[in-house]
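Worksheet: one structure, shown below.
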Amino acid sequence: MLDIVQLRKKEIDTFVATYGNLDDKSYVNVVYEKYLGRKAMTPDLENWIRVPALPRETIIAGIISSDEHKATKNYIETLKEAAQKLLEAKQWIEAIEVFGELQTRQPTCCHWYTQTAVCWKNLGDTNKAFDEYIKAHDLDPQNADVGVELARILMEIGRESDAIRRVGRMLSFSSHHCPLLAFAQRVHRDIGRD
């Protein structure tokens, strides 16, 4: 399960160091404004301000783990940043988890499926990569880059005739797409056709 608190640990530590000396009510309001884009209402304050007082880290962790925060643009941006860092660090499994959350939050975004496919490909799981490219293709059937990757995988797994059909369909969408044309020529050459 994706741990958004762990992904934002450094940010939380900095936030607590900056605002931790505020009184409880002010602290909760600052957290709400930053992460939810609104002031805390009385029931919110009553929930977070108790005796004994909750640690500052617990308050912020609870708020950024909430469903309300997950519905904000801030949360999506956090996921995007985390995914980029995980890709750069070649932490494929963790990146897949973050892209899965992005797919849940933005299910019509083709990019999250293609990025998940790249991760599976880097892990050597061609079947899972293929499944993710199929999902991306279903969202955007005219996306030549996705089509090329699907055709490449089909070639890798020995389904040359499926690759040729897919490339033919893609060329009907985009007759001027040079990388696609070059790939189509390679497919034909690789299987001994002109």
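The values are calculated or read from the model by the stated rules, or taken from the named source; none is laboratory data. Keep in mind that what you see is a predicted model, and the values were worked out from it rather than measured. As a convention, Cβ positions derive from the backbone with ideal geometry for all residues, glycine included, and neighbour counts pool all protein chains shown. To get the accessible areas, we keep the full protein, side chains included, count just its heavy atoms, and leave off ligands, DNA and RNA. Shrake-Rupley method; radii C 1.70, N 1.55, O 1.52, S 1.80 Å.
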- request: Please state which of the following conditions Ala117 fails to meet, knowing it meets all the rest: (1) open to solvent by less than 60 Å² (accessible area, probe 1.4 Å); (2) free of Cβ contacts under 8 Å to residues at least 24 places away in the same chain; (3) in contact with a helix residue (DSSP H, G or I) (Cβ under 8 Å, 6 or more places away or on another chain); (4) over 25 Å from Tyr35 (Cα atoms).
  value: (2)
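I'd like to know if segment 44-53 contains one or more residues that are more than 29 Å from the chain's Cα centre (by Cα), in a loop (DSSP other than H, G, I, E, B) and among the charged types (D, E, K, R). Quick ask: steps written out before the conclusion?
Pass one, segment 44-53, residues more than 29 Å from the chain's Cα centre (by Cα): 44-53.
The next check asks that each one be in a loop (DSSP other than H, G, I, E, B); those that pass are 49-53.
Checking the rest, the ones that are also among the charged types (D, E, K, R) come to 50.
For segment 44-53, residues more than 29 Å from the chain's Cα centre (by Cα), in a loop (DSSP other than H, G, I, E, B) and among the charged types (D, E, K, R): present.
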field: Matching residues in segment 45-79 - criterion: being out of contact with any helix residue (DSSP H, G or I) (no Cβ under 7 Å at 6 or more places or on another chain) and exposed (fewer than 14 other Cβ atoms within 10 Å of the Cβ)
entry: Glu46, Arg50, Val51, Pro52, Pro55, Thr58, Asp67, Ala71, Lys73, Glu77
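Hey, can you tell me all the residues within segment 123-170 that are of a type in the set (Ser, Thr, Tyr) and in contact with a Leu (Cβ under 7 Å, 6 or more places away or on another chain)?
From segment 123-170, those of a type in the set (Ser, Thr, Tyr) are 126, 133, 161; that's our starting set.
Passing the criteria: only Tyr133.
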query: What's the number of the condition Ile63 fails, among (1) modelled with pLDDT of 85 or more; (2) out of contact with any His (no Cβ under 7 Å at 6 or more places or on another chain); (3) outside any loop (DSSP other than H, G, I, E, B)?
result: (2)
task: Could you please tell me which pairs satisfy a Cβ distance under 7 Å, a separation of 6+ or placement on different chains, a first residue in segment 156-167 that is closer than 15 Å to Ala144 by Cβ, and a second residue that is small (Gly, Ala, Ser) and open to solvent by less than 30 Å² (accessible area, probe 1.4 Å)?
output: Ala163/Ala151; Arg166/Gly147; Arg166/Ala151; Val167/Ala151; Val167/Ala184
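Of these, Lys34, Lys90, which one is under 15 Å from Gly20 (Cα atoms) and open to solvent by 50 Å² or more (accessible area, probe 1.4 Å)?
Just a single option satisfies the conditions, and that option is Lys34.
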